[in-house]
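Encoded as structure tokens, the structure appears first; notes follow it.
The values are calculated or read from the model by the stated rules, or taken from the named source; none is laboratory data. Keep in mind it's a predicted model, so treat the numbers as computed, not measured. Please note: Cβ atoms are built from the backbone with ideal geometry, for glycine as well, and neighbour counts cover all protein chains shown.
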């Protein structure tokens, strides 16, 4: 058995891809996963299941959610060990300690190409800083996310890989649930 963390992109935002977390947990149990636990109402779920490659699990969950839950959204899956490693490798530990709400991690399905990361860095017009590590991008928003020109759309476009972001507080809570 493996403990998994699934992050759903853009659920329960502005009336799109609406899913109740109780329905998500029940659906995962119906699929044969055990001990599903959700965090917040934004598509974070931790559950246990037979060991399988995360990309295969992502495809299975995406297809099933479209059919059963009527939501069409990417699932980004990590194991509990992956999440522990991500926390340990945090590129911005000082910012994580002093202002965790302004540190985000973008989780993607594939590694970021170095040239695309450079293009993203060149597109930054504010004080934001980014560091890529495999399929994760650590982003510091010292002036806040809401006013930043470094938007999710810009990040997706420059990196060429869609992802979903969580702030550091949420990442730490998910790690607690998953480890």
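Quick rundown of the values:
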item	result
Residue in region 107-118 that is within 24 Å of residue 82 (Cα to Cα) and in contact (Cβ under 8 Å) with a residue 60 or more places away in the chain present	yes
Residue that is assigned to a loop (DSSP other than H, G, I, E, B) and closer than 14 Å to residue 9 by Cβ, where the choices are 161, 145	161
Breaking point among (1) closer than 25 Å to residue 17 by Cβ; (2) over 14 Å from the mean Cα position of the chain (by Cα); (3) touching a residue at least 24 places away in the same chain (Cβ under 8 Å), for residue 102	(1)
Conditions (1) farther than 25 Å from residue 25 by Cα; (2) modelled with pLDDT under 95; (3) in contact with a strand residue (DSSP E or B) (Cβ under 8 Å, 6 or more places away or on another chain); number of the one not met by residue 151	(3)
Residues of region 164-179 classified as touching a residue at least 12 places away in the same chain (Cβ under 8 Å), surrounded by fewer than 17 Cβ atoms within 10 Å (Cβ to Cβ) and assigned to a helix (DSSP H, G or I), total	3
Residue within region 31-47 that is in the same structural domain as residue 150 (by TED's automatic domain parsing), in contact (Cβ under 8 Å) with a residue 40 or more places away in the chain and closer than 18 Å to residue 164 by Cβ present	no
Positions within region 24-43 being assigned to a strand (DSSP E or B) and within 21 Å of residue 172 (Cα to Cα), in sequence order	35, 36, 37, 38
Region 139-156 - residue that is in contact with a helix residue (DSSP H, G or I) (Cβ under 9 Å, 6 or more places away or on another chain) and surrounded by 13 or more Cβ atoms within 10 Å (Cβ to Cβ) and, of those, farthest from residue 94 (Cα to Cα)	154
